[in-house]
Amino acid sequence: MAEGSATESVAAAHAKLRARTDIQFELPVDKPPEVPPWLRWLGRALEPLGPYTEWIFWTLVALGAVTILWLIVRSLLHKRGQTDAQATPESEVAAWRPEEKVARALLAEADAMAAEGRYEEAARLLLHRSLEDIARNRPRLLRPALTSREIGAMAGLPERVRAAFVALAAPVERSLFAGRSLARGDWDEARAAYGAFALPGAWK
């Protein structure tokens, strides 16, 4: 009798415990996340490629390695090209220079303009003749729409030719794009840039 009463007491206590709402006896079952329709479609589309997954992976790895190698080689070739341009032999640079008689006649004509205060015209005259020299040595290099800065950045120019052209074009660009007239100092800058290249050794 005592044993039966004890069993009933335990059962009653258990029922009372299960009746409480502040204790959770069952864990909710998490639903798997819903797969978006586009992902299901992609999975079906790629399913035939399953047997070739490893082959595709190593192909992509190989393509990535080839791309990196190509970028490295291109960078090295670009640096080598810059070095070659800087190390242009004097004989090749000399081919870009006008004849001394022609260079002196051009400077005399430009000096006459500058003496009248026509500094812009004088500087542009030297610049245009320099463009003619570039066109003579590299007929396919120049195009009508190119600016002086674009020409100065071209890879087809020897470094000494590029430096002289950029220095000569600088005063002319200030006149055209800055909207101000050139002064005597601007003209002297352009004249020195042209003379130092066209008349090396004889320039003063």
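Checking R140 against (1) in a helix (DSSP H, G or I); (2) more than 24 Å from P200 (Cα to Cα); (3) modelled with pLDDT under 80, which single condition isn't satisfied?
(1)
Check P158 against each of (1) surrounded by 14 or more Cβ atoms within 10 Å (Cβ to Cβ); (2) at pLDDT 80 or above and name the one condition it does not meet.
For P158, the failing item is (2).
Regarding region 145-154, can at least one residue be identified that is at pLDDT 80 or above and of a type outside the set (S, T, Y)? Break it down into steps so the answer makes sense when it comes.
Within region 145-154, the first condition is being at pLDDT 80 or above, and the residues that meet it are none.
No, because not a single residue in region 145-154 is at pLDDT 80 or above and of a type outside the set (S, T, Y).
Quick one: which of E121, E132 is open to solvent by 90 Å² or more (accessible area, probe 1.4 Å), at pLDDT 80 or above and in a helix (DSSP H, G or I)?
Values: E121 fails: open to solvent by 90 Å² or more (accessible area, probe 1.4 Å).
Just a single option satisfies the conditions, and that option is E132.
For residues that are at pLDDT 80 or above and surrounded by 10 or more Cβ atoms within 10 Å (Cβ to Cβ), tally how many sit in region 36-54.
The number of residues fulfilling the criteria is 1.
Of the residues A193, A163, which is open to solvent by 40 Å² or more (accessible area, probe 1.4 Å) and not polar (S, T, N, Q)? Step through it out loud before you land on a result.
Working: A193 fails: open to solvent by 40 Å² or more (accessible area, probe 1.4 Å).
After applying the criteria, what remains is A163.
Can you name the residue in region 148-174 that is part of a loop (DSSP other than H, G, I, E, B) and among the aliphatic types (A, V, I, L, M) and is also farthest from the chain's Cα centre (by Cα) among such residues? Spell out how you get there, then give the answer.
Initial filter on region 148-174 (part of a loop (DSSP other than H, G, I, E, B)): 153-158.
In the following step, the residues that additionally are among the aliphatic types (A, V, I, L, M) were identified as 153-155, 157.
On the way: A153: 13, M154: 15, A155: 15, L157: 20 Å.
The qualifying residue farthest from the chain's Cα centre (by Cα) is L157.
Of all residues in region 100-121, which are of a type in the set (D, E), within 16 Å of D186 (Cβ to Cβ) and free of Cβ contacts under 8 Å to residues at least 40 places away in the same chain? Walk me through it before giving the result.
Let us first name the residues in region 100-121 that are of a type in the set (D, E), namely 100, 109, 111, 116, 120-121.
Next cut, within 16 Å of D186 (Cβ to Cβ) only: 111, 116, 120-121.
The answer is E116, E121.
The values are calculated or read from the model by the stated rules, or taken from the named source; none is laboratory data. The model shown is predicted, which means the values in this text are computed figures rather than measured ones. Reconstructed Cβ throughout: ideal geometry from the backbone, glycine too, with neighbour counts over all protein chains shown. To get the accessible areas, we keep the full protein, side chains included, count just its heavy atoms, and leave off ligands, DNA and RNA. Shrake-Rupley method; radii C 1.70, N 1.55, O 1.52, S 1.80 Å.
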